[in-house]
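Chemist: Can you keep this structure in mind? I'll have questions shortly.
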Amino acid sequence: MSTLVSERTPKMSGRTLYQRIVDAHTVRQIGNSGQILLYVDKQVLNEYTSPQAFASLDSQARKVWRPQAQLAVVDHVNSTTPLRTKATVRIIDDARARQVSLLEENCHQHGIEFIGMLDARQGIEHVVVSEQGFVLPGMVIAAGDSHTTTHGAMGALGFGIGSSEIEHLLATQTLIYRPQKNMRVTVHGRLNEALSAKDVVLELIARIGADGAQGHVIEFQGSAIEQMEIEGRLTLCNMAVEAAARGGIVAPDDRLFDYLHGRSRVPTGNEWDACVAKWRELRTQPDAIFDREIEFDASDLLPRVTWGTSPDQGVAINGVVPEPEHESDLMQRSSMERALQYMGLQPGQPLEGLPISHAFIGSCTNSRLDDLRVAAQVLRGRRVASHVRALVVPGSSTVRAQAEAEGLDLVFKAAGFEWRQSGCSMCVAMNDDHLSPGDRCASSSNRNFEGRQGPGARTHLMSPAMVAAAAINGALTDVRKLFPQRAS
């Protein structure tokens, strides 16, 4: 398995896809600061990060300049109880309940579309945006959530912002922005069966580190990316931020056009044809130069699992916990030692066979229909280990309905998974879905930080198929041993 990493000094040349999008949205340069005033096409708001922005806006008697460019979604704090009715959507925590009611009030005041807990479209914002066609190729989108990078799979530029920037964006539809460097990640070959985009991005983050793409926007290219469905590309771009990238992007192609066609907010008829013709031109120019390049072959990958408390602390499922003493960087060594202590692991310990207490399939990374389909393939005809609590939380009410139409909910329930309503759930543990100290969870989410799924909880990141396999065996498992074999 080879990796090519190169650093280059850009010369006068063509423009990358990222640069072309930024160029098209630049209002003006800001003096000699290296910053620009960037026009932003769309913003997504949630109940958790928007209250301060609206409060500041109102204190200055400012209005939202383009309400139609905003979309508000409740996703972080809502319950995912299996039954969702007016009687069951109540949020027990008063402060978090107030966040939801404030968002609804602010949206009503300013004329912003609001997707509440009982809306048939409700879900995790980064799932709702793509499935509704809210963001289209060539756009810029921002939101008060770091995983806004997800929308790069739409051939767009997406990035997270803070509360003061949310306010500025509401008032002006622009942001002060510093253009980033360009990184190209080329993934050759073809993914083997039972592997997924999650394995690709965990491999990338392990190779370059949790800060390896800092100051860059990643463009994903290569045959493995071209063959990847849009749901997989959404996973790649979602987790680009876990390598500190300011964005992740994939050039639009026929797979994307097929995915977008017919969605509720997408152009139709002759306008659709004109848009597709324009979108086909959204490409990195042949003579464009990237500041950094990474290459590897997907055909060589094995299923990935994290052992530590950062997404870059991971190995193949047949690997072992690394030895901190072999790390020459003292800060990295200290981080590894702390992670091992927190996770209750020892150097040299095999990952496969490590017992778990919980299994979670969900999050804006891996809760779409394709994710549920592949997990169901592994689970069909099998049962979750008796000591494991297993939850599947669809990324949106739309995904949930689609899965039920295919009978996937019956597969999950028969296997012993809880079939829940949509929301961020145990990914961030801001509702009643959380772990207790010492619990060990196989999770399809994006972060394994200390306390991310609950104080003292231990999280191992992996693909939905790997979570399903771990749930069945009650321990971390190589999914390839359980994955249904194709008839020859």
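Please treat every number below as a calculation from the coordinates, not as lab data. Computed from a prediction, not measured in an experiment: that's the story for all the values here. Virtual Cβ from ideal backbone geometry, glycine too; neighbours counted across all protein chains shown.
Chemist: Could you order the peptides 221-228, 40-47 from most to least packed, using the average number of other C-beta atoms within 10 Å per residue?
Modeler: Ranked by mean Cβ neighbours within 10 Å, highest first: 40-47, 221-228.
Chemist: Starting from the Cα of Glu418, step 7 Å along the direction of its Cβ; do the same at Gln285; then give the gap between the two resulting points in nm.
Modeler: 5.4
Chemist: Using the number of other C-beta atoms within 10 angstrom as an exposure proxy, rank Val384, Val399 with the fewest first.
Modeler: Val384, Val399
Chemist: Starting with the highest mean, order 258-265, 413-420 by the number of other Cβ atoms within 10 Å, averaged over the residues of each peptide.
Modeler: 413-420, 258-265
Chemist: Another one. On average over all directions, what projected area in square nanometres does the range 23-177 have, based on the convex hull of its Cα atoms?
Modeler: 9.7
Chemist: Moving on. Dipole size in debye (nearest 20) for the chain around its Cα centre, Lys and Arg Cβ +1, Asp and Glu Cβ -1?
Modeler: Computed charge dipole of the chain: roughly 440 debye.
Chemist: Taking one equal scatterer on every alpha-carbon of the range 154-294, how large is log10 of I(q)/I(0) by Debye at q = 0.17, 0.19 1/Å?
Modeler: Ignoring solvent entirely, the Cα scatterers give -1.07, -1.23.
Chemist: If you take the beta carbon distance between Asp94 and Gln68 as r and set R0 to 25 Å, what does 1/(1 + (r/R0)^6) give as a FRET efficiency, to the nearest 0.05?
Modeler: For R0 = 25 Å, the calculated efficiency reads 0.15.
Chemist: Tell me, in nm to one decimal, what length is gained between Asp211 and Ala61 on full extension, where the rule is 0.36 nm per residue of separation less the Cα-Cα distance?
Modeler: Working it through step by step, the gained length comes to 50.0 nm.
Chemist: If R0 is 35 Å, what FRET efficiency do you get for Leu37 and Arg265 from their C-beta distance, rounded to 0.05?
Modeler: With a Förster radius of 35 Å, E is 0.85.
Chemist: Report ³J(HN,Hα) in whole Hz for each residue of the range 247-252, in order, from the Karplus equation J = 6.51 cos²θ - 1.76 cosθ + 1.60 where θ = phi - 60°; Gly and Pro get x.
Modeler: x, x, 8, 10, 4, x
Chemist: Also, I was wondering about something else. Above 41 Å lies some portion of the pair distances; for the chain, what is it as a whole percent of all C-alpha pairs?
Modeler: 15
Chemist: Follow-up question, since we're still on this one. May I ask you to sort Asp145, Asp478 by Cβ crowding, counting other Cβ atoms within 10 Å and putting the fewest first?
Modeler: Fewest-to-most Cβ neighbours within 10 Å comes out as Asp478, Asp145.
Chemist: Can you work out the Karplus-derived ³J(HN,Hα) for every residue in the range 341-354? Use 6.51 cos²θ - 1.76 cosθ + 1.60 with θ = phi - 60°, whole Hz, and x for glycine or proline.
Modeler: With coefficients 6.51, -1.76 and 1.60, one gets 5, 5, 7, x, 10, 10, x, x, 6, x, 7, 5, x, 5 Hz.
Chemist: Once Lys and Arg get +1 and Asp and Glu get -1 on their Cβ, which of Gly416, Thr268, Pro322 lies farthest toward the positive end of the dipole of the chain?
Modeler: Among Gly416, Thr268, Pro322, the one farthest towards the positive end of the dipole of the chain is Thr268.
Chemist: Multiplying the sequence separation of Ser386 and Asp300 by 0.36 nm and subtracting their Cα-Cα distance, what value in nm do you get?
Modeler: Going from the current span to full extension adds 27.5 nm.
Chemist: Please say if the range 352-453 is rounded, prolate or oblate, where rounded means a/c under 1.5 for a ≥ b ≥ c the square roots of the C-alpha gyration tensor eigenvalues, and otherwise the choice is prolate for a/b larger than b/c and oblate otherwise?
Modeler: oblate
Chemist: Sticking with this one: Whole-Hz Karplus ³J(HN,Hα) for the range 283-289, in order, using 6.51 cos²θ - 1.76 cosθ + 1.60 and θ = phi - 60°, x for Gly and Pro?
Modeler: Whole-Hz 3J(HN,Hα) from phi for the range 283-289: 9, 5, 6, x, 9, 5, 10.
Chemist: Now, a different point. Once both labels are modelled 7 Å past Cα along the beta-carbon direction, what's the Lys181-Ala87 spacing in nm?
Modeler: Each label point lies 7 Å from its Cα, and together they span 5.9 nm.
Chemist: For the range 307-481, evaluate the Debye formula with one uniform point scatterer on each Cα (no solvent term) and list log10 I(q)/I(0) at q = 0.11, 0.16 Å⁻¹, rounded to two decimals.
Modeler: -0.43, -0.87
Chemist: Please give the peptides 196-206, 344-354 ranked by average Cβ packing (other Cβ atoms within 10 Å per residue), highest first, as a rough proxy for protection.
Modeler: 196-206, 344-354
Chemist: Compute the relative contact order of the chain as a whole-number percentage, counting only Cα pairs closer than 8 Å that sit 6 or more residues apart in sequence.
Modeler: 18
Chemist: Quick one: how many lysine pairs does the chain have with C-alpha atoms less than 21 Å apart and a gap of 8 or more or different chains? Give me the count, please.
Modeler: Lysine pairs satisfying the spacing and distance rule in the chain number 4.
Chemist: Just going by the charge dipole of the chain, with Lys and Arg at +1 and Asp and Glu at -1 on Cβ, which of Val89, Leu169, Leu379 is farthest out on the positive end?
Modeler: Of the candidates, Val89 comes out farthest on the positive side.
Chemist: Could you give the length gained on full extension between Ala405 and Ser436, defined as 0.36 nm per residue of separation minus the Cα-Cα distance, in nm?
Modeler: Length gained, Ala405 through Ser436: 7.8 nm.
Chemist: If you don't mind, another one. Would you calculate the separation in nanometres between label points at Ala24 and Ser223, each defined as 7 Å from the Cα along the Cα-to-beta-carbon direction?
Modeler: Output for this residue pair reads 3.0 nm.
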